[in-house]
Amino acid sequence: MSDLRFPENFLWGAATAAYQIEGAARDDGRGPSIWDTFSRTPGKVYQGHTGDIACDHYHRYTEDVALMAELGLRAYRFSVAWPRIQPDGTGPVNPRGLDFYERLTDALLERGIDPIITLYHWDLPQTLQDRGGWTNRETAEHFATYATAVHARLGDRVRTWTTLNEPWCSAYLGYGNGVHAPGEQDPAAAFTAVHHLLLGHGLAARALRAAGAETVGITLNPADVRPADPDSAVDAAAVRLVDGLHNRIFLDPLLRAAYPDDVLEHMARMVEPTFVRDGDEKLIAAPIDLLGVNYYQPTYVAGRPDGAGGGGAYPGTDGAVEFLPPVGPLTDMGWMIEPAGLTRLLERIATDYPGVPLLITENGAAFPDKAGADGPRREPVLDTDRIAYLDGHLRAAHEAIARGVDLRGYLVWSLLDNFEWAEGYRRRFGIVHVDYLTQRRTPKASARWYQEVISRNGL
Ligand code: IFM
């Protein structure tokens, strides 16, 4: 390892999400979520996998927290399952649901691990979806009520609160191309969902602040959008469009209190944005103390005036924009490996939206990880691919800091192998291997490598 040190107090940790690891889908009064419904819908999730059992973290959290302590994690980002707290999304709070997160929080604090809460990581109560989900403005209001209830129980112990995880995915994959729950395919619904998610964030952020939360933020998955040909004006226009739909549609209202005009114009081709009411943009721009950035790969696009492009998850880009196939080497998700994209992305956010501290709330890679722990010898997985990926991205993060970005920490995705949404359990992102038959956890070589990185505060 060469000598590369991170700033003092740089926060090292790992991240997970409720539906991906908890299991216990019917325990202690939890209600159904859209992912319970979606994963039971034939053809939606790989081989019909569900989160019913997942990593059984709900029952094994003590062991998992001990593992985090052994690895030296300073922070742990987890999400709270709304359907555990309010099984129908509204109405009385279920104390047994809150009890679980209280036990988890206390276990973390006892080990000196800073809990970072995400209030919404995609598991909307099904009852709210039956009333339109994020296309219904009321869901935003219910979200703020739910956030307040979680804070009322944990606010005396948890310092860092983030509202949504990757609203781009909730809106565009959930309501646009239907790859995620609730599986709708309607551009108008996708844009309506974007707005109500942002509104829900703003209302919840305000409520959390009023209740005394110390650090309030949101996590996005902003894209490093690149042109296929840097000299092409057509490709530059495609970059602008995709950047608008992926980045500025979230960042501008959050940090500049207004949607960008070009994005509103594009949206209006599919839906008149009457759902944006007077005063909403001000509500969305509630001050935040932290912006979570999730980064995995860059996005390369080309303009296709010939109508031959395939828009993918971006409403209104069909036929106009080509999303270039990723160039290898690829991860097991088929994703490109380009650490420089992380440096560019962090710098761009810091330049265009100055003044908000950044935290890498997710970064990591899926690889097959077949050898070792799957076999009878129970040897750790020698995941050198993952180590190389993490090493490269940490160097890229360090470079961003060197260029002046206020980056506060890095949370690896993920602590454990887990339920990778539509891909089920076949994709393994963990630095800790999970044998789903026995629920045995085995730290991979990357976990030991990360432990060393944390203890040295560098590479
Ligand atoms: O597993 C997901 C996570 O839930 C959200 N961000 C991306 C990860 C990898 O796909």
Taking only the alpha-carbon positions of the stretch 59-100 as identical scatterers, the Debye log10 I(q)/I(0) at q = 0.19, 0.20, 0.27, 0.28 Å⁻¹ comes out as -0.68, -0.71, -0.91, -0.94
DSSP beta bridges in the chain: the antiparallel percent, rounded to 5, is 25
Applied in sequence order to the stretch 293-299, the curve 6.51 cos²θ - 1.76 cosθ + 1.60 (Karplus, θ = phi - 60°) yields integer Hz couplings, x standing for Gly and Pro, of 10, 9, 9, 10, 7, x, 10
Long-range alpha-carbon pairs in the stretch 1-68, meaning those over 19 Å apart, account in percent for 50
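Once the Cα gyration tensor of the chain is found, what semi-axes does its equivalent ellipsoid get, as square roots of 5 times the eigenvalues, in whole Å, sorted largest first?
On the way: eigenvalues 184, 147, 101 Å².
Each semi-axis is √(5λ); the values are 30, 27, 22 Å.
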Honestly the stretch 225-271 on the Cα gyration tensor test (a ≥ b ≥ c root eigenvalues; a/c under 1.5 rounded, otherwise a/b vs b/c for prolate or oblate) is just oblate
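Against the 2.2 N^0.38 Å scaling, with N counting residues, where does the stretch 178-242 land? I'd like the Cα-based Rg ratio to two decimal places. Mind showing how you got there, number by number?
Working: Rg = 17.4 Å, N = 65, 2.2 N^0.38 = 10.7 Å.
Normalised by 2.2 N^0.38 Å, the Cα Rg of the stretch 178-242 equals 1.62.
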Taking placed amide H atoms and a strict 5 Å upper bound, the residues 5 or more places from residue 309 or on another chain that come that close are 319, 320, 321
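Name the helices (complete DSSP H segments) of the chain with a Cα length along the long axis of 30 Å or more and a Kyte-Doolittle mean of at least -1.0, or state none.
Working: long enough: 187-210 (35 Å, 0.78).
TM-like helix candidates: 187-210.
Using alpha-carbon pairs under 8 Å, 6+ residues apart, how would you state the relative contact order of the chain in percent?
On the way: 991 pairs, mean separation 79.8, N = 459.
About 17 percent, as a whole number.
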Taking alpha-carbon centroids only, the stretch 285-309 lies from the stretch 237-275 a number of Å equal to 12
Rounded to the nearest whole number, the per residue volume of the convex hull around the C-alpha atoms of the stretch 16-116 in Å³ is 95
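Read the figures in this text as sums done on the coordinates, not as results from a lab. Since the model is a prediction, treat every value here as computed from it, not as a measurement.
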